[in-house]
Each structure stands twice: as structure tokens, then as C-alpha cells.
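Asker: This is the structure I have questions about; it appears just below.
Nothing in this text is a laboratory measurement; each read-out follows from the coordinates by a stated rule. All figures in this text were calculated on a predicted structure; none of them were measured in a lab. Note that each Cβ is placed from the backbone with ideal geometry, even for glycine, and that neighbours are counted across all protein chains shown.
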Amino acid sequence: MRNKAWPEYLVVIAVVATSVTCSKNTLVVHDGTHRPTDAPPQLTQPPQERDPNATVDFFEHAVREPLTYVFIPPRALRSWWEEKVEAYNPTAEDDVENSTWFTHRNDRQRMTAAEVARGPGDGLGPDVSGSWTVFSAKLEGITPGLFVRDAAGVSYLIKFDPSGHAELMSAAEAITARLLHASGYFVPEVSVTYFDPAQLRAGEGLTYENALGREQPVDDDILQQFLRALPSGPDGRVRAIASRLLPGTLGPFNYKGTRSDDPADTIPHEHRRELRGLYVLAAWLNHLDTKQHNSMDVLVEESGRRYVVHYLIDFGSSLGSAGIGPNTPRKGVEHDADLGATAARWFTAGFYARSWERYPGGSTHPSVGFYSADLFDPGGWRNNYRNPAFANRTIRDGYWGAKLVASFDEEQIRAAVSAGQLSDRAAQEALVQAISARRDLTVAYWFSRVTPLESPGLQGSAQTPQLAFQDLAVAERIVPPAGRRYEVDFEFDAARIRHSGIQEPLITEEGYGTLAIPPPPADAAFWQRLAELPVEQRIARLEIRAVPQPDADRPRSVRFYLLPVPANGYRIVGRAY
Amino acid sequence: MHAAPSPSAHRGVSPLLTRALRLCFSLTLLVIASPVPALGQSSNPDSIVVIERGEPGVNGWDVLEFPFQVLTAPLYLVWLGGEWAAAAASDTRVPQKIAFYNRQLNRLGIYPAFASLGAGSGTGAAVRLGPPSSEGKLWGHLAAGATVKLYWQLTARVGYGVEAAEPGRGMALGFQASGSLQHRDRDEYWGIGPDSDEDDRSNYALDRTIVTGELMLGMVRYVALRAHIDWSEAESGAGNNPRLPSVDSIFPAAEILRFGDSDRYLSFGASAEWRNGYSQAFVPGGSWVRLAARWNDGRGAGLADFSELMASAGLHLRFDHDRRCLSFVGALQTTRQQGDGEIPFYRLPALGGTSTLPAYPTARFRDRDTALAKIEYLYRIWLAPTNESALIASFFVVGGQVAHDISDELSLSRIRENYGVALSAYAGPTTGARLELAGGDEGLRVNFVFLVGS
């Protein structure tokens, strides 16, 4: 009898085990200083080059994964019921450390307009003073391109605007690359360039792959024939976008899982804060083609150490550009193959509609395409097809990304747009206004979903401690400072202190204010007893939630973790939104 | 001498297998449920403490999902096979090669396509030779096609079109002449009215030769007039569908009008068509009315002269930003015999099939007169980002009847109703495929048709 029953016991054990291991978020607290902790270990073996199939990637994410919610019903229920797992790599400040994925730039140290406009590298693009040698070519297909070596011997990929939409793709790529770089991501050096077709020479043995995959020889005549078909300016020069080739490429990184042959790559990419938070920036800039094929791992060798740096590449499908033409209002509102929206329309007999379907507007400038704040939903924006990291994003990831977006002001946006070299001034201004408007919408959306208290510090004496902060919702003019109230919950188990209440502090126009918190007990016996406790039991928790405006949703609270310190009262050792 | 296997031997194997399965199952559950630390969750070296620690992602939901994952494992294997095929196709550039060779053929004036050769013919391959027809030019082409039912058709067309001074305005003139050979192997025959049982089912073969001349006059923006003359010769015979008896084996010869005879007709016809805002978008809009008449002069002994009158109209009310449409279509056709003789059965109008009564087979009902009314609610459920393709869903109700004379027609005594749902996939405004599920008094029927230039 026992033999027959033991699997059933195991089921019970399994269920009990799962109930006790239900997910909780890891919170790491430390002393609050930023130190690089994601330093890559030395690579002994260079990783293998990846070459995933683009068709498989599309069907995997656009069709198979959504269908699992149909064929595995508990998964649909789970996605609705269960809170998503938070990112694995936030710091004690709910931020990320500088790493081979991301480096804090504009959010930590405001970049000048010139620095934003320059982007990575010198921002000058290829050297047009001499001839260029074409060493590889893609002369057919929707997006033809040339691989060239300029007069200075630097290699670039040259791509051209879609027919009938001069400046559209090249401007979008140059602008988006600059804003993502200033945000902190690694992007290649991308510049708008004008060149004389006569300065191009076919390299020795140059071939191109025709539609059948066969290599065809290319000589100067064939090259010039191809270049003559491209639109050119009155001076005969051709406009293109030049992307400096990255050395040591290893193929794209997947937005899911890790790279098995890179020992530094330990955090599943779908749970990386930088990639989840990229959703917010991609939404802001309408960077639609955020698939793994538009990323690139690069092997870097520096001071005898080898490690992998992770780049984002190819921003031709961003802002108002769809790469092969202008965007339509549909883009950004719905995945290309959106099974959920399609099924919803089908089963509601067409009564269900997404916002774009009843939107009467369209693009106003051919060189900009459709890029507007009109249909923009910062939390519901959709790229071309499902991105695993984006799908796992939480409000905390969104808030993190929104802080990057908020770090840009109109002067910096204008500087980035100037790199697009749009000849139509009205189009350029329209683009600046649209990017700024979407910035404001993004910030308002995500900052309203949390209690955005930043720059925390402790003031006052040990007996009258106060938490000083900057409320970013006030600073961004999302809510007025007058009447801003907070629910404050304080728990200090070791001292048996529990205190709740609503406070309405005086807040400046820039969002600065203070909240009173209960002091730790002053008697020596308490401090002696406290010293004997494990460190995690010494920590007090201060939870603050902004009281929402009458017609607004209740935001998430921010939790500060405080370590009692005899002389100062407390020290902040961590926070989470 | 063979010993019969002892029952204990069976008992010895089966529990072992059962235990092994249980062990695998339980171990799987244990692995799923155990708190395996997630990658990247090691404590930060800078931390002074880690609190609220817990391993994410492994919980009771995984146990709930597990049986479904097991059940859908075969589907997953099928999917992997599909992915492998898609990867192989994209690696070997199969779609690009098809497109490339198609372009090369087009440059030579050769246009291959998948199409149907008329109602009930099934899907097949067709090829057209010659430049595309265009206004203001003399054009001509040859077309040949064969379907999975082994029907074949060969057509030659020449034409000339005079371009209107302004597109859509003023006069337009066109002329077209064509010659066509058709062979249909196994058309179904369901009886033709009061003299035969409507439910008797058989099949027959038909060979036709048709020569046509047509003159088209576009008078104003929305009106087109056409006049045509054609000569046709047809011969019916035994069908070759092995699952159905041939028509001559179950009907008395007298009941099969002109079966086995060679029929020649010289026909004169005219039609007028009026369109108002009609657009062949994925979701159609606008309205149209079409009237057509034809006189058929029988050239042979026992062959009756007869006239045909056809009237049809459509109203497509598009709304909700052209996403949805309520479509009304009605059609009447009447055939009147003049003098003695017989009209060949295959020249009588018929109902049944995807374009008329979709819950019935093609030409399920055949008689002198037909009436048909269709109401369809169409709605777009998906539009490609490039606006070049779409999925359109619809609900429809169709009513139709055949009648021997006008009094039968008015009585509505033989009316048949069909209802159903459909899903159409378009790769262009007039190119796509339609899958429909239709129901009627003879049960449900699934139809799949290619829509080419419809």
C-alpha cells in the first residue's frame, strides 16, 4: 500500500514546497554608494558567434508564445493573477550599476547639448575627403546597403532612405541612436552623411548576394549604376546613414536567457532591469524593431582583459520611420501580428477596436512620417513583435526607464534632432515638439504609478529625525506641491515601534520636502540589545505612499530601509518602489 | 509446445512500468516545485545584508501548468518541425527564389497563379501568357489552367481599350475577343426540378468550346454598357467520379435534357451596369446594379431557343471608419424557352456552392428560374502594417430557391436558407482565400475558395 501511495505524498510535498517558496522580491541593501559590481570576469575562451534565424525568432515570439496562453490556460490565469517577478539586478537604490550593458550618462551627469548631438564617437561620420572602397554590398532587397572603408580606413555600413521619403529613415536612425546613447545604452557611432557617388570604388573581388543567394561580381560600372538610381541632391551628392562597424562582433544577444559561453552573463536577459526598462525608452522613441537581431554582442579586449559588451543597433524603424517607408498610426499601438487584438475583434464581431483604427490623422511631414503624441500610450505601447524583456517589465522597471527619459530637456532633444539633418525646418520643429510631448506623457504616466521620492537623506537630530526627499511628480509639474500628502507607515520591530499617519509637508516647487519619522529609543539597553541582533533584524521599514489626486489611481509606495545609528538616528540602507 | 504466458509475468512488467512512470512524474514535480535558486540571484558583494529573500518564478502555478504542457507537447513538436521548415525556407531563400522566378516569368509575359476555373472546379494552377491588359493598347494573352479535379481550360484573348480623357470620366471604349476550350470531368448532377428527384446525385462530364466577342462602352463615370456575341459548342458525357454513378446510369434518358448530345448555340447579349462609389477594398463599400439579357439561338435538331434575363444588385454599407460593413446582395435569373425543343440541363441556372448557397454543393439546385438574397456582416479583424493584406471575418445569411415558372418563384415554397461564418485572408484587395462554415437543412459544410481578381 505504501508503494502505491508515495507519488501522491510527493504531490502534496510539491504543493507545500511551492506554497512556501512563492516568489518574493529580493531586496539588496547596502551602504548606498555606487560601486561597479558587474565587472566582467576575464574570458579565457572567446564566445562563439550567434546567428539566430529571423523567421524563427518572429514566429517564436509573435505566434507561439501568445498561443501558449490559449493552449495552457493556467498561464493566462497566472499572467492576470500573479504579480510579475521583479528584475534580478537592481541595486539597493533600485537602480543598476554601470556594466557592459548600460552606463549611467545623462541621468547622473547632465550632458551638454553638444555631447548629446555628438553621440558615441566623434559624431563626424565617414571621412568624405577621399575615395571610399566598397568591400561588401547588398544591392537588392527592400533595404540595400554598402559596406565601405573610408579615406581614413574606417569601415561603415551605408544605408539609404526609402524611395519617396528622403531623410526619413536616416534622420530617425541618427536621432534615436543619440538619445539611447545619452540614456546610457551602448550604440554604434551613427551619422548622416552626404557623399559624391563618384568617390566610391568597388573593392577587389567585390560581390553581392542576389535574391537567389548567389554571389554576383560587382565592378565600378554596376556600382555606379546602383548609385545613380538613388535620389541625390542638386549638387549630385547622395544622402545616407553611416553606421561605424563594430569590431569583434559575436552576433546578437537574445532578450531571453543568458549567453552560455559568457561567464559574466549570469542574469537572464528578460530579468535585466536595463532591458526591461528599455521598453520605456523604446516607447518614447517609437523604436519598434526591438528584436534580438537589432542587438550585437561585441568582444572587447582592454588592458589584456577580454569581455563582452552588449550593443543596441539599427534604429531605422523608430520615430516616424518604418525603415522601408513612413509609419502609420497603427505602429506602436499594436504588434504586427497581434493575436490578442485580432481575437478580440473576431469574437466581438468587430466592436472591439484599437485607438488607431478610429484615428483620422496621419503623417504631416514626409521626412518625419507618423510620430505623434496623439495615440501614444506610454504603458501600452507595442513594438513590432513581443520582446521577452519588455513582456516581463514591472512598474519598478518602468519608473526606472522613465527617470532616464525625464533626464532629457528640450535643449538636449533639439540637439539630438539636429543630428538628423532634416532640411525642412518645419519638419524638424514638429519632431522636436513630438519627442518632447511624448517625453512628458511618458514621465507623467510612470511617475504617477509610484511614489517618486528621490534623493533621500536624513535630517534633524537623533531625536527628531526627518526624511528629506525630492518628489519627482512635483518637480515634473505632474501634481502641484500644495496639498501633496503622504501616507507614512513606520515599522521598527526591534524597538516595537509601529506608527501610521498622513503627513502634508511643505514642498517646494522643485519637489523638495521632509517627512517626520519616529526616533529610535534613546536608552542604552535598547542599543545593547540591538547590537546582539542579526543585522537584518535591526532594520526599520519606512513605507510612504503619495495620496493620489481625486481622479487618479493609487500609486505604489516607496519603501526605505533604515539602519539605526546611535549618533544620527538612522542611516538609509536601501529603497524599493 | 509453447507455454502460455503466466499472469504473474504480466503483473511483473506492468507495475515496473507504472512505477517508472510514477517515478518520472514525481521527480518532475519535485524538480518543478523545489526552490532552485535563480541565476543571477547571488547576493551582491557590496551588500551588508539581504532581506526578504525569495526565489522568484517557481511556485504552484508551474504545477498547474505542467499537465497542459505534457498534453501540448505533441503540438510543440509539430511547431518545432514548422520552425525548422521555416528556418530552412528562409536560409535557402525559398520565398525570395519564388518571388524572383515569378518576376522573371512576368518579365517574359508569363503569369503563373493558383486559381479556380469556375464554380466547383477546385483549385488548380493556371498560367497566363502575354502582357497585362491595359487601356489604350492592343493586348492579347493565352491562359491555361488545370485543377486538382483534372478540369482544364485553355483561353485566348485579344482586346483593345481606348483610354478615357480623364480617369473615371467621359467615354471609354473597349473591345475583347476570346476563344476558350473547357473540359470538366465530374460535375455533380442533382436532378433538375419536377421531372426528376432533386436529391438524386450523379455526375457527368462536359466539354465546351466558346468563342466570344464583346464591346464595352463606359458612358459616364459609373455606367458601363456591354454587348457581346458568342458561339458555343458543348457535349456532355459520362462523368468519371468513381464515388458517384454517372448521370446516364440512374436517370431515364428522357429526364436528362440533351444528355450525350452535341449542342451549338449562337448567343447575343447585352448588359448595363451602374456603380456608385463601389470599392473593392478589403471591406467593400458602395452599391451596384447590373442588368443583363441574352438570347440563345439553338443550332441543331431538338435544341430549343431560349432567353435569359439576369438582374442583380448590391449595397455595401461601410461604417466605423471602413472597418465594418453590412452587405446586401440580391440576384434573379430567369430562363424562358421559345418554341419546341429542349434546353440542355447544364445551361439552366443553378444554386449551391460558395458564391450562392454555401451549405450545399455546387449546382445543388437547378431549374429555369433562380432567386437569391444574401445579407452579410463583414468586419476587419487584422490589417497588415503596410495596409497590403488583411483578415476579414463575417457572418452571413443566404436564402435562395429555384423554380420552374414564375408562380413557383413567387410562392417561395422551395426556398432554402443557409447561414454561416467566414474568414477571408487577403494578400491584396482582390487576391486572397476564404474559409467558410455554412449550415443549412442538409447539415454543415466547410468551403475553401481562392479569391483571385474577384
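Asker: Please go through the stretch A:429-503 and write out the trypsin sites (Lys or Arg not before Pro) that DSSP classes as loop and that have at most 15 other C-beta atoms within 10 Å.
Answerer: Details: sites: A:Arg438, A:Arg439, A:Arg449, A:Arg477, A:Arg484, A:Arg485, A:Arg496, A:Arg498; in loops: A:Arg449, A:Arg477, A:Arg484, A:Arg485, A:Arg496.
Taking the stretch A:429-503 and a limit of 15 other Cβ atoms within 10 Å, the loop trypsin sites (Lys or Arg not before Pro) found are A:Arg477, A:Arg485, A:Arg496.
Asker: Number of Lys pairs in the protein assembly as shown with C-alpha atoms less than 22 angstrom apart, excluding same-chain neighbours closer than eight positions?
Answerer: Lysine pair count for the protein assembly as shown: 11.
Asker: Between B:Leu142 and A:Ser129, what FRET efficiency comes out of the Förster formula 1/(1 + (r/R0)^6) with R0 = 45 Å and r the beta carbon distance, rounded to 0.05?
Answerer: After rounding, the FRET efficiency stands at 0.15.
Asker: Next up: Could you calculate the contour length gain from B:Leu181 to B:Ile110, that is, 0.36 nm times the residue separation minus the distance between their Cα atoms, to one decimal place in nm?
Answerer: 23.6 nm
Asker: For A:64-73, what's the mean count of beta carbons from other chains sitting within 10 Å of each residue's beta carbon? Please list the in-between numbers first.
Answerer: Numbers: counts 6, 0, 0, 3, 6, 0, 1, 6, 8, 3.
So the per-residue partner count for this stretch is 3.
Asker: Quick one: net charge of A:Phe58's neighbours, Cβ under 15 Å, K/R +1, D/E -1?
Answerer: -3
Asker: Which value results when the Cα radius of gyration for the stretch A:162-288 is divided by 2.2 N^0.38 Å? Mind dumping the intermediate values first?
Answerer: Working: Rg = 19.1 Å, N = 127, 2.2 N^0.38 = 13.9 Å.
Normalised by 2.2 N^0.38 Å, the Cα Rg of the stretch A:162-288 equals 1.38.
Asker: Ok, one more. Work out the charge dipole of the stretch A:71-203 with +1 on the Cβ of Lys and Arg and -1 on the Cβ of Asp and Glu about the Cα centre, then indicate which of A:Val154, A:Ala113, A:Thr176 is farthest towards its positive end.
Answerer: Of the listed residues, the answer is A:Val154.
Asker: Taking each residue of B:378-384 in turn, how many C-beta atoms of other protein chains fall within 10 Å of its C-beta, and what is the average?
Answerer: Averaged over the peptide's residues, the number is 6.
Asker: Could you work out [θ]222 nm for chain A from helices alone, using -39500 (n - 2.57) per DSSP H run of at least four and dividing by all its residues? Round to the nearest 500 deg cm²/dmol. List each step's numbers first, then the result.
Answerer: Values: 15 runs with 154 residues, N = 577.
That calculation yields -8000 deg cm²/dmol at 222 nm.
Asker: What FRET efficiency, computed as 1/(1 + (r/R0)^6) with R0 = 56 Å and r the Cβ-Cβ distance, is obtained for A:Arg477 and B:Ile229, rounded to the nearest 0.05?
Answerer: After rounding, the FRET efficiency stands at 0.10.
Asker: I would also like to ask the following. Expressed as a whole number of Å, what is the distance separating the alpha-carbon centroids of the stretch A:416-449 and the stretch A:476-537?
Answerer: Result: 39 Å between the Cα centres.
Asker: When only C-alpha pairs under 8 Å and at least 6 residues apart count, what is the relative contact order of the stretch A:137-286, in percent?
Answerer: 23 percent
Asker: Starting from the Cα-Cα distance between B:Phe328 and B:Arg275, subtract it from 0.36 nm times their residue separation and give me the gain in nm to one decimal.
Answerer: Using 0.36 nm per residue and subtracting the Cα-Cα distance, I get 17.6 nm.
Asker: What order do you get for A:Glu97, A:Glu429, A:Glu65 when you list them from fewest to most C-beta neighbours inside 10 Å?
Answerer: Taking fewest neighbouring Cβ atoms as first place, the list is A:Glu429, A:Glu65, A:Glu97.
Asker: Then there is this: Could you state the orientation-averaged shadow area of the convex hull built on the Cα atoms of the stretch A:453-549, in nm² to one decimal?
Answerer: Details: hull surface 26.0 nm².
Hull-based average projected area comes out at 6.5 nm².
Asker: Please report B:Met310, A:Met169 as a ranked list, fewest other C-beta atoms within 10 angstrom at the top and most at the bottom.
Answerer: With the sparsest Cβ surroundings first, the list reads B:Met310, A:Met169.
Asker: By the gyration tensor of its Cα atoms, with a ≥ b ≥ c the square roots of the eigenvalues, what is the shape of the stretch A:360-426: rounded for a/c under 1.5, prolate for a/b over b/c, or oblate?
Answerer: oblate
Asker: Testing the spin-label approximation: label points 7 Å from Cα along Cα→Cβ at B:Ser355 and A:Glu215. State their distance in nm.
Answerer: Calculated label separation equals 5.3 nm.
Asker: At a Förster radius of 51 Å, what calculated FRET efficiency corresponds to the Cβ-Cβ distance of B:Asp320 and B:Asp297, to the nearest 0.05?
Answerer: The formula returns an efficiency of 0.50 here.
Asker: Separation between the A:Ile324 and B:Thr92 pseudo-spin-labels, each 7 Å from Cα along Cα→Cβ, expressed in nm?
Answerer: That separation, rounded to one decimal, is 2.4 nm.
Asker: Here's a follow-up. Note down the nm distance, to one decimal, between modelled labels 7 Å out along Cα→Cβ at B:Ser312 and at B:Arg414.
Answerer: 2.1 nm
Asker: Would you list A:Trp346, A:Trp284 from fewest to most Cβ contacts within 10 Å?
Answerer: Working: A:Trp346 17, A:Trp284 26.
Least crowded to most crowded, the residues run A:Trp346, A:Trp284.
Asker: Another question, if that's okay. Considering the convex hull of the alpha carbon atoms of chain A, report its projected area averaged over all viewing directions, in nm², one decimal.
Answerer: Taking the Cα atoms of chain A, their convex hull projects to 35.4 nm² on average.
Asker: May I ask which residue of A:Asn568, A:Pro534, A:Ser557 lies farthest towards the positive end of the charge dipole of the stretch A:443-577, with charges of +1 (Lys, Arg) and -1 (Asp, Glu) on Cβ and the Cα centre as origin?
Answerer: About the Cα centre, the residue reaching furthest to the positive side is A:Pro534.
Asker: About the Cα centre of the protein assembly as shown, how large is the charge dipole given +1 on each Lys and Arg Cβ and -1 on each Asp and Glu Cβ? Please answer in debye to the nearest 20.
Answerer: 1020 debye
Asker: Still on this structure, I have one more. Using only Cα atoms and rounding to the nearest 10 degrees, what angle (0 to 90) does helix A:395-406 make with the longest principal axis of chain A?
Answerer: Around 60 degrees separate the two axes.
Asker: Of all DSSP beta bridges in the protein assembly as shown, what percent run antiparallel (nearest 5)?
Answerer: 95 percent
Asker: Taking the radius of gyration and the Kirkwood hydrodynamic radius from Cα positions alone, what is the Rg/Rh ratio for the protein assembly as shown, to two decimal places?
Answerer: 1.06
Asker: Another one. Express in whole angstrom the spacing between the alpha-carbon centres of the stretch A:310-337 and the stretch B:272-305.
Answerer: 46 Å
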